[in-house]
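Scroll down for the structure; my scribbles are underneath it.
The values are calculated or read from the model by the stated rules, or taken from the named source; none is laboratory data. Only a predicted model underlies this, so the values are computations on that prediction, with no experimental measurement involved. Cβ placement follows ideal geometry from the backbone for every residue including glycine, while neighbour counts extend to all protein chains displayed. Side chains included, ligands, DNA and RNA excluded: accessible areas come from the protein's heavy atoms. Shrake-Rupley method; radii C 1.70, N 1.55, O 1.52, S 1.80 Å.
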Amino acid sequence: MRLSLLILSACSAVTVALAELTPETLRCEYAVNPCGIDTSTPRLSWTLRAEKRNQIQSAYQVLVAATEEDLTQERNLLWDTGKTSSSQNVHIVYAGVPLASGSHGYWKVRVWDKQGTPSAWSATAQWHVALMSATDWKAKWIGPQDSETPTWSDFTLAATLELKKDAAGILFRMADANNGYMWQINTALGPDLLLRPHVCRNGAWSMLPAKSLRPFIPAADDKKPHRLEIEARGTKICTRIDGQLVDERTDATFASGTIGFRASDKESFTIDNLVATDARGNVLLKDDFGSGTQSFPKAKVEKGQMEVASTALLYRPPLSKDCPRLRKTFTLNKPIRRATASVCGLGFYELYLNGQKAGDRILAPANTPYSQRLLFDTIDATALVKQGDNAIGLWLAPGYSDDYSKWGWKWEDGKRAIAQLDVVYADGTTAQVVTDGSWLCGPSPLSFTSLYDGEVFDAGAETPGWDTAPFRGEGWKPVRELSPTSARFAPNIMPPVRVMTTIRPISVNEPQPGVFVFDMGQNFAGFVRLRAAGPRGTRIVLHHSELIGDSGMLDPWTNRRAKATDVFVLKGEGREEYQPRFTYHGFRYVEVTGYPGRPTPDDVLGCVVHADVSTAGTLVTSDATLNRIQSNCTWSMRSNFMSIPTDCCMRD
């Protein structure tokens, strides 16, 4: 007899009990998936969602890996905390494999509730470490060929100098604030009166051999006015005081630059009747410090003399307000896993790759005390690059330039940029694209931009494809490589400034023929996006203000000297759209003139601009007036969150 054994296998669903707590909203250094943290020991946090009341986290486990695949498979981990008994869910300090500059980390967490039941793993979060050391930068600072600073080479500087205390420094052939010569007249080192020539290289001062001036000036005359003359011809530098040749020497350290004056904390002197001429006798600069425009706007002028004390002054003409563009083509020869751009452009910049703007931040970089600290942004550019031919572009603008508030931090130098694109290929190998002398510089449709006065954009001057690989760039010129500033260069970890929302106008009126005034219904900081169609060369002017007068026309009183005016010149190709790039205004009303036809509320859209800070809470009461006051306070704060808090967004 054959016995058959039938074995039946029954499958039954097994339910694994999970914790009543769920970790979510994972943050690293207070941010969700930050790109560009400034520490190698980031602090990790998460929030807890409970299905029932009266729960608490009793333990957690964090896993970190260099790739998402490794984290998913829980292999090659950079850090595994193991089950850690703790109720802490904020500021868990990373203590795994040391993190290098430019490295990427993926992480997840699970928690145990008070019953000791584990949760499922959280969704994966990530971070990217910014370039944290000067040695990480292979890129160079670059800028347009035309220098914003005078490049006088052979010239004569003459001025009446009166020493008040200790020493007086005369600067010349200064390429910038950190590179050039200083001829110092000094009485602070003893009874002798010395000429002490200095050389400043990248902010570091060194001395050339000193020369006694006592044979030419008796001690009783040290504090009297003297006519000083410095003549530079090639490597030969001659110094004369009251017509007498007191020093002649050769030095080839610097060949050209601007002039200026310097006094340290305990030094002071005055300057009068300043004249600078070239080798042919043509006047380069002349100032008697009378009632006219001052050559050194920051200096104090009393009784027709410029006072120099505890400061350094460099002569520069007003900075140009144009917006040049820089570009370079490059090839990536393998499939790409990740591309990260580290970039700074002064005063403002926008980064482009293969025809697309990288990210949606505007008015970058953040405002800082530029002589002390500069911030660069770290941007994930993976989706913007490809295997094969690529192009990278930078659009520069004046930013917080010399026309910005005297109370604010200003970038008072020429436009410049530095960028480094770090690429990781799929096979783990790497490549870099950096700013250097191989880049090209060309013009843009933005002929003028100012934070206070607005922009002038001529769509007819557009050069489509300037940021793509096939673009020819005819007429574009090589850039200049520039020396780094002495300021500390650090990653920006602040929330970027963005267009946060949009507002439709609530009405449009025509108080005078051809003058259209839009009421946005809300005072805010930002600009408007304009749509129009008309003939090539049509010039549309947008003037902004917080107020209107009884006549319905704009009242620009609160703007003070700020023109707050944007100009859009049509190229004459169908329906066109414009919104400013490198300026913003504080306003409720927009006056539009030059519009081809009659604009409607659909042609103007308000763009609300401020730092991307999230709302921490809300307040609603039964009192409409109190609600309106609270709303006004919120709008006022938003309008003044422009990387740093400001006090008013509409004026100088």
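Structural remarks
- Matching residues in segment 302-320 - criterion: being on the phi > 0 side of the Ramachandran plot and open to solvent by 50 Å² or more (accessible area, probe 1.4 Å): LYS303, SER310
- Filter result for LYS108 (open to solvent by 30 Å² or more (accessible area, probe 1.4 Å) and either among the polar types (S, T, N, Q) or modelled with pLDDT of 95 or more (or both)): no
- Filter pass, VAL199 being in contact with a Ser or Thr (Cβ under 8 Å, 6 or more places away or on another chain), more than 26 Å from VAL283 (Cβ to Cβ), in a strand (DSSP E or B) and among the aliphatic types (A, V, I, L, M): yes
- Those residues of segment 223-271 which are more than 42 Å from the chain's Cα centre (by Cα), open to solvent by 60 Å² or more (accessible area, probe 1.4 Å) and modelled with pLDDT of 95 or more, in sequence order: LYS224, PRO225, ARG227, ARG240, ASP242, GLY243, GLN244, LEU245, GLU248
- Among the numbered conditions (1) over 22 Å from LEU363 (Cα atoms); (2) open to solvent by less than 10 Å² (accessible area, probe 1.4 Å), the only one that VAL604 does not meet is (1).
- Filtered by the rule that a residue be within 17 Å of PRO496 (Cα to Cα), open to solvent by 10 Å² or more (accessible area, probe 1.4 Å) and not small (Gly, Ala, Ser), segment 353-377 gives LYS357, ASP360, ARG361, ILE362, LEU363, LEU375.
- Hits in segment 184-208 - residues which are of a type outside the set (D, E, K, R) and within 34 Å of the chain's Cα centre (by Cα): HIS198, VAL199, CYS200, ASN202, GLY203, ALA204, TRP205, SER206
- Verdict on THR593 being under 28 Å from LYS406 (Cα atoms) and at pLDDT 95 or above: no
- Some residue of segment 609-631 being of a type in the set (A, V, I, L, M, F, W, C), under 24 Å from the mean Cα position of the chain (by Cα) and in a loop (DSSP other than H, G, I, E, B): yes
- Residue tally, condition without any contact (Cβ under 8 Å) to a residue 12 or more places away in the chain, part of a strand (DSSP E or B) and either farther than 25 Å from THR151 by Cβ or of a type in the set (D, E, K, R) (or both), over segment 277-301: 1
- Residues of segment 414-429 that turn out to be open to solvent by less than 20 Å² (accessible area, probe 1.4 Å) and either basic (Lys, Arg) or assigned to a strand (DSSP E or B) (or both), as a count: 9
- Scanning segment 563-581 for residues being out of contact with any helix residue (DSSP H, G or I) (no Cβ under 7 Å at 6 or more places or on another chain), of a type in the set (D, E, K, R) and open to solvent by 20 Å² or more (accessible area, probe 1.4 Å) gives a total of 5.
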